[in-house]
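Enquirer: Pasting in a structure now, in structure tokens, and then I'll have a few things to ask.
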Amino acid sequence: MRATLTLFVGSVACGASLALSSVPAMPRAAVAVQSTSGRAAQSAISAAYNPQPSKARPKKQKQKTPEQKIKGPTSVVAKEQTFFEGPPSITETLIPGLSLFTVVGVIPFTASLARQAWTRYKITNRRIEVASGFQGKDVVQILWREIYDVKWLRRYGGAAGDIVFTLKDDSKLEMRSVPEFDRNLAFIMSQVEETVVDAAEYPDKPAKEYQAKVASGEEPAPTLPQEEGAAAAAPTTE
């Protein structure tokens, strides 16, 4: 039995040595080339895979396109025209002039003369301007849309009158001894808001009489003076 096992082990060992001896030996150069190609492949794989990619991103080139300007509707602003400009009515000096026969009357007469020299009223299609004070240096201007209420009082048989304007901020502006009173008052009422006209209960009886005179051609209409260019461009009817 032992002899048989010894012979079997020996034959197996002999066969293994013969199999190993039959395999041809690989040259050293081939082994070196194989190892070099393996490292190159490994380095190529490591170069292809970057665990921390760069944060730099390609810049986008902006293309400028010409902007088209869209013009909206333009609002036409009317040119400012003066309806009346001048001093207070000269009638305000009559009563102070009569009072010169007394010593006390000198002061009011002097004050009325100073108003004639320095006070100026200006009524346009946009605003009212009042210049008063010493040499007319105190100038107050109000726009038509600022007027909240209008009160008036005729003097000297309607030849002149006083007008008090109340503004939306509760401030007041007074115009004393306004000449051509009914004509100027009619133009003022045509410029303020309709609610102001209704609250003022205009026209009153003298104003209606003035409107009748305008309709008959006895008095000039309270309108702005027509410009020369506009008059030439206006169509004529035969």
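We did not get these values from a lab; they are worked out from the coordinates using the rules stated. From a predicted model like this one, the values you see are computed outputs, not experimental measurements. Heads up, the Cβs are rebuilt from the backbone with ideal geometry, glycines too, and the neighbour counts pull from every protein chain shown.
Enquirer: Once you list every other residue whose beta carbon is under 12 Å from the beta carbon of K205, what net charge do they have if Lys and Arg are +1 and Asp and Glu are -1? The partial results should precede the final answer.
Expert: Working: positive: R154, K208; negative: D182, E201, D204, E209.
Neighbour charge sum, excluding K205 itself: -2.
Enquirer: Amide H to amide H, which residues 5 or more places from R155 or on other chains are under 5 Å from it, using H placed in the peptide plane?
Expert: A160, G161, D162
Enquirer: Output wanted: per-residue J couplings in Hz (rounded whole) for the range 104-111, from phi through Karplus 6.51 cos²θ - 1.76 cosθ + 1.60, θ = phi - 60°, x for Gly and Pro.
Expert: Along the range 104-111, the couplings run 5, x, 5, 5, x, 5, 5, 5 Hz.
Enquirer: Work from the charge dipole of the range 72-161 (Cβ charges, +1 for Lys and Arg, -1 for Asp and Glu, about the Cα centre) and give the residue of F101, A111, Q81 farthest towards its positive end.
Expert: Q81
Enquirer: Mind checking the dipole of the range 82-219: about its Cα centre, +1 per Lys or Arg Cβ, -1 per Asp or Glu Cβ, Debye to the nearest 20?
Expert: 400 debye
Enquirer: Then there is this: Simple spin-label model, 7 Å along Cα-to-Cβ: V106 to E194 in nm?
Expert: Taking the two extended label points, one gets 5.7 nm.
Enquirer: Place a point 7 Å from the Cα of A114 along the Cα-to-Cβ direction; which residues of the range 124-141 have their backbone N under 15 Å from it?
Expert: 132-138
Enquirer: Rank by packing, highest mean first: peptides 152-158, 174-180, with packing defined as the count of other Cβ atoms within 10 Å averaged across residues.
Expert: Put in order of decreasing packing, that is 174-180, 152-158.
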